[in-house]
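The values are calculated or read from the model by the stated rules, or taken from the named source; none is laboratory data. Predicted model, so just to flag it, every value in this text is computed and none were measured. Heads up, the Cβs are rebuilt from the backbone with ideal geometry, glycines too, and the neighbour counts pull from every protein chain shown. All accessible areas refer to the heavy atoms of the entire protein, side chains included, with ligands and DNA or RNA removed. Shrake-Rupley method; radii C 1.70, N 1.55, O 1.52, S 1.80 Å.
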Amino acid sequence: FRFKDSLAEDLQSADLVISHAGAGSCLETLEKGKPLIVVINDKLMDNHQLELAKQLHRDGCVLYCNCSTLVETLQSMDLSALKPFPLGQPEKFASFLDKVLGLQ
């Protein structure tokens, strides 16, 4: 997609998502429980996409590649090896802030 207001419907119906390695795209996809291959753009902002992709890969949540290795990644991928992304627990952070600020 060149631009779309929301990918929620597309993500919901997807069996596999191939995306750039932007934090928003990665997290939104992983929160929906979809298998994800991130294609890094190593020319952006000190290669920050590679850092995120590598960490999510180390955590077992994604596969990653660049444009030149995408076909190879698709041919050799084992999506069953991917782990579910752990969901956030914002209530723990809120509770921590309440304690620090003396509200609890």
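So here's what we get for this one:
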| quantity | calculated |
| --- | --- |
| Within region 19-104, helices (runs of 4 or more DSSP H) holding 1 or more residues that are in contact with a His (Cβ under 8 Å, 6 or more places away or on another chain) and closer than 24 Å to Asp5 by Cα | 48-58 |
| Residue count for region 1-18, restricted to those that are assigned to a loop (DSSP other than H, G, I, E, B) and modelled with pLDDT of 95 or more | 3 |
| Residue match in region 35-42 (condition: modelled with pLDDT under 95, open to solvent by 80 Å² or more (accessible area, probe 1.4 Å), more than 24 Å from Gln12 (Cβ to Cβ) and not acidic (Asp, Glu)) | no |
